[in-house]
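See below for the structure under consideration.
The values are calculated or read from the model by the stated rules, or taken from the named source; none is laboratory data. Remember, predicted model here, so these are calculated numbers, not experimental data. Here Cβ is always computed from backbone atoms with ideal geometry, including for glycine, and neighbour counts include all displayed protein chains.
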Amino acid sequence: MAEAVSIGSTSSSSGSGSVRRNEKLTLRVAATITQVLPNGVLAVSGSQEVRVNYEMRELLVTGYVRPEDISRRNEVTYDKIASARVSYGGRGQISDMQQPRYGQQILDAVLPF
C-alpha cells in the first residue's frame, strides 16, 4: 500500500557576524501629570525620542510621584517614582539586523522541530 501523504521538514541557519553595542544614556524627560489621586499623589507619564546613528531610540516613563519629592527646579529623580515603568528601545538598521527575517520567524513557528 502506498503512502497518500508524506511530510518532512528541516531547518538550518548558518552565518557569522557580530554587533557590538555600548550605550550610555543620560536624559531628562518632560512628564505630564495624568491624574491626581485622592491622597495627593500624582500619576505622571512622559516620553522622548532620540535619533542616534540611524536608530530611533525611545524612552517611556510612567509612575507615581509625591508632591514633596518634586525639587525646586521642578525635577524628580527616577528613584523617587513609585511603581515606575521605564521602557527603552529602538528601531532602525541595527535593530533590524538583530532580528531573524520574517520567513524564518514563520518557519520556526510552524515547523519548530
Hits in segment 34-61 - residues which are at pLDDT 95 or above and at negative phi: Thr34, Gln35, Val36, Leu37, Pro38, Asn39, Val41, Leu42, Ala43, Val44, Ser45
Looking only at segment 34-75, and only at residues there that are assigned to a strand (DSSP E or B) and hydroxyl-bearing (Ser, Thr, Tyr), the one that is surrounded by the fewest Cβ atoms within 10 Å (Cβ to Cβ): Thr34
